[in-house]
Amino acid sequence: MVGDLTQDDWRVIRQSSLFGRLDPVVARDLIGDGAVFAAPRGAVICHQDQPAAHYFIVLSGLIKLYRQAADGSIAIISIHGPSHSFMEAEALTGAICSTTAEAVVDARIALIDAAKLRRRIGADPALALVLLGSASTHLRMLLEQIEKLKTMKATARLADFILSLAGPREGRAEISLPYEKRLVAGHLAMTPESFSRTLGQLRKVGVRVARDKVTIDDVERLRDYCDGEE
């Protein structure tokens, strides 16, 4: 289902890594007026290995990106919320989609036509530089994620994820998981069973979980534990 962009949608778009760098007039020209897709929970926005016809910006809800192997196993690559974008590099190069994108909850997504974007790049080198900067930001984030998966133990990965939700707080903190536990587990390259065991191991450093609520007795203590477990 396609609808129109609202003023709130434009505020979200202006917070994205690409369109926050562009002149508002250029941004509106690239996106147009009616490029909003409403995706119910479970809807697939694009499929792995199919041509990338669009570049997407999440306006509301959550989108997970995953790859499916030949044996049917699934690896969650990332989960995106409002203002986050995906299929940027594929849209720029005219490549196929590197992942499948699926709505975790009901979501609204802005669609940017890939062919139109490439035509504009050909006519505007300055736009190409802005797009390159945005793509570089996404690549750096992905490399950081891969590094954590390769170098950090499971307990440290989970502690690091919880600390990212807590932000710069000190002392006791209460936070909410942004999505259900099985998705957090997949995002951290854990099975649901190992995720539960790892949560149990974090109790010794004052982390308790009740449904989607996480209580940290001492944020600084958890940071010290995370640093020691890397």
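The values are calculated or read from the model by the stated rules, or taken from the named source; none is laboratory data. Keep in mind the model is a prediction, meaning the values are calculated, not measured. Here Cβ is always computed from backbone atoms with ideal geometry, including for glycine, and neighbour counts include all displayed protein chains.
For region 102-147, the tally of residues that are surrounded by 12 or more Cβ atoms within 10 Å (Cβ to Cβ) and among the acidic types (Asp, Glu) stands at 4. Name every residue in region 159-185 that is in contact (Cβ under 8 Å) with a residue 24 or more places away in the chain and either in contact with a Ser or Thr (Cβ under 6 Å, 6 or more places away or on another chain) or at positive phi (or both), in order of residue number. Within region 159-185, GLY171, GLU174 meet the criteria. Scanning region 78-87 finds no residues that are surrounded by fewer than 20 Cβ atoms within 10 Å (Cβ to Cβ) and over 24 Å from PHE161 (Cβ atoms). Scanning region 73-85 for residues that are under 16 Å from TYR179 (Cβ atoms) and not aliphatic (A, V, I, L, M) gives SER78, HIS80, GLY81, PRO82, HIS84. Kindly check whether there is at least one residue in region 172-179 that is surrounded by fewer than 16 Cβ atoms within 10 Å (Cβ to Cβ), within 22 Å of the chain's Cα centre (by Cα) and at pLDDT 90 or above. Within region 172-179, none of the residues are surrounded by fewer than 16 Cβ atoms within 10 Å (Cβ to Cβ), within 22 Å of the chain's Cα centre (by Cα) and at pLDDT 90 or above. Take ILE109 and tell me if it is under 19 Å from LYS64 (Cα atoms), touching a strand residue (DSSP E or B) at 6+ places or on another chain (Cβ under 9 Å) and either in a helix (DSSP H, G or I) or not assigned by TED's automatic domain parsing to the domain that holds ARG221 (or both). Considered against the rule, which asks whether it is under 19 Å from LYS64 (Cα atoms), touching a strand residue (DSSP E or B) at 6+ places or on another chain (Cβ under 9 Å) and either in a helix (DSSP H, G or I) or not assigned by TED's automatic domain parsing to the domain that holds ARG221 (or both), ILE109 comes out as yes. Summed over region 63-100, the residues that are over 21 Å from ALA115 (Cβ atoms), assigned to a loop (DSSP other than H, G, I, E, B), of a type in the set (A, V, I, L, M, F, W, C) and modelled with pLDDT of 85 or more give a count of 0. Of all the criteria given as (1) under 13 Å from LEU188 (Cα atoms); (2) surrounded by 12 or more Cβ atoms within 10 Å (Cβ to Cβ), the one not satisfied by LEU163 is (1).
Per the conditions (1) within 15 Å of the chain's Cα centre (by Cα); (2) surrounded by fewer than 19 Cβ atoms within 10 Å (Cβ to Cβ), the sole criterion not satisfied by ASP71 is (1).
Among the residues making up region 178-230, those that are in a loop (DSSP other than H, G, I, E, B), over 17 Å from LYS148 (Cβ atoms) and among the acidic types (Asp, Glu) are GLU180, ASP212, ASP217, ASP218.
Figure legend. Inter-residue proximity from region 4-25: first residues without any contact (Cβ under 8 Å) to a residue 24 or more places away in the chain and assigned by TED's automatic domain parsing to the domain that holds LEU111, second residues surrounded by 17 or more Cβ atoms within 10 Å (Cβ to Cβ) and among the hydrophobic types (A, V, I, L, M, F, W, C), beta-carbon distance below 8 Å, spacing 6+ or different chains. Indicated pairs: ARG14/ALA27.
Quick check, is ALA69 farther than 30 Å from LYS150 by Cβ and in contact with a strand residue (DSSP E or B) (Cβ under 8 Å, 6 or more places away or on another chain)? Against the criterion (farther than 30 Å from LYS150 by Cβ and in contact with a strand residue (DSSP E or B) (Cβ under 8 Å, 6 or more places away or on another chain)), ALA69 does not qualify.
Got a sec? Which of SER98, SER16 is hydroxyl-bearing (Ser, Thr, Tyr) and in contact with a Ser or Thr (Cβ under 7 Å, 6 or more places away or on another chain)?
On the way: SER98 fails: in contact with a Ser or Thr (Cβ under 7 Å, 6 or more places away or on another chain).
Being hydroxyl-bearing (Ser, Thr, Tyr) and in contact with a Ser or Thr (Cβ under 7 Å, 6 or more places away or on another chain) holds for just one of SER98, SER16, which is SER16.
In summary, LEU188 fulfils each of the numbered conditions (1) under 15 Å from the mean Cα position of the chain (by Cα); (2) without any contact (Cβ under 8 Å) to a residue 60 or more places away in the chain; (3) within 26 Å of LEU18 (Cβ to Cβ) with the single exception of condition (3).
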